[in-house]
Amino acid sequence: MNAVILDTETNDKDNPEVMELAFIPYADPFKPHLSRYCPTVPVKWGALAVHHILMDEVRDCPPSSEAAGKVPKVRYWIGHNIDFDWKALGSPSGVKRICTLALCRSLWPEVDSHTLSAMSYFLLGANPSTRERVLRAHSALDDVLLCSDILQVIMTVLKISDLDELYLESEGARIPKVWTFGKFKGQPIGAADRGYANWCRKQPDFDPYVLIALTRAGL
């Protein structure tokens, strides 16, 4: 096994601790894993509104710090906005991340939303069957299964069967062409001035893919 498709539900979007972990081996999707954990900080209201996991339901579960140890030692983690899950699981070094969110944004820029639910409707069909699956979304395992189906569509469109090639496609897709935040939001990366580019480079933990885009734009 060299990859897992993975998702977490957490107590907070800014300083996430895992409350639910799910993954399936890329080569064997019929062996899913699902487990729950208790964070040190109670779930925030915004996070609770997304996944509906109550603190009382995880109070007797293992601590969130044990979640990362459940993930198999593999080369690739695959997920929709996989960086968030990677952070929630302690940002382990040596893991290569394949982001289906970045790939969807790159392949279908015309779609108004690239969330997992929106892309499920767009790629799998706006029909009662997809709706039933989407309504269960934000349970970690349901999200993993949706992501797996979207991944197969992506690989078919790209005509790729090799994960090493897919990783390179994902890395390329991560480099933005348009600003998604800040004073130049909605404009091409090259629309920024050098002063703003220099400001970005001075920020701690700034998105490295934006910095690559700035360099490519000559800023």
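The values are calculated or read from the model by the stated rules, or taken from the named source; none is laboratory data. Note that the structure is a prediction, hence the values are computed from the model and not measured. Using ideal geometry, Cβ is built from the backbone for each residue, glycine included, and neighbour counts are taken over all protein chains shown. Just the protein is used for accessible areas: all its heavy atoms, side chains included, with ligands, DNA and RNA removed. Shrake-Rupley method; radii C 1.70, N 1.55, O 1.52, S 1.80 Å.
In the context of the full set of protein chains, residues of region 127-219 present 58 Å² of accessible surface per residue (probe radius 1.4 Å, heavy atoms only). Using a cutoff of 8 angstrom between alpha carbon atoms and counting only pairs six or more residues apart, the relative contact order for region 1-101 works out to 30 percent. Between Asn127 and Asp56, the contour length at 0.36 nm per residue exceeds the Cα-Cα span by 22.0 nm. Full extension of the chain between Asp193 and Ala49 gives 47.9 nm of extra length, using 0.36 nm per residue less the Cα-Cα distance. Within the listed set Leu101, Leu48, Leu151, the residue fluctuating most in the Gaussian network model of the chain (springs between alpha-carbon atoms under 10 angstrom) is Leu48. Summary value for region 154-210: 24 percent relative contact order, contacts being C-alpha pairs under 8 angstrom separated by 6+ residues. Basic side chains Lys and Arg get +1 at the Cβ, acidic Asp and Glu get -1 at the Cβ, and with that the dipole of the chain about its Cα centre reaches some 680 debye. The order of Ile5, Ile212 by accessible area, most exposed first and with a 1.4 Å probe, is Ile212, Ile5. Rounded to the nearest 10 degrees, the angle from helix 140-158 to the longest Cα principal axis of the chain is 40 degrees. For region 1-105, the Cβ-based charge dipole about the Cα centre amounts to some 480 debye (Lys, Arg positive; Asp, Glu negative; other atoms uncharged). For the chain, the relative contact order comes to 17 percent (Cα pairs under 8 Å, sequence separation of at least 6). Rolling a 1.4 Å probe over the protein heavy atoms of region 10-105, with every protein chain left in place, gives an accessible area that is 55 percent carbon and sulfur. Of the residues His33, Asn11, Tyr196, the one whose Cα sits farthest toward the positive end of the charge dipole of the chain, with +1 on the Cβ of Lys and Arg and -1 on the Cβ of Asp and Glu, is Tyr196. Exceedance of the 26 Å cut-off in Cα-Cα distance is limited, within the set Lys44/Lys87; Lys70/Lys202; Lys70/Lys96, to Lys70/Lys202.
Taking the helices alone, the chain has a mean residue ellipticity at 222 nm of -12000 deg cm²/dmol, built from -39,500 (n - 2.57) per DSSP H run of at least 4 residues and averaged over all its residues.
Using the 1.4 Å probe convention, the accessible area of region 1-117 works out to 51 Å² per residue with neighbouring protein chains retained. Under a model in which nothing but the beta-carbon of Lys, Arg (+1) and Asp, Glu (-1) is charged, region 100-154 shows a dipole of about 40 debye around its Cα centre. With K and R counted +1 and D and E -1, the other residues having a Cβ less than 15 Å from that of Lys159 yield a net charge of -4.
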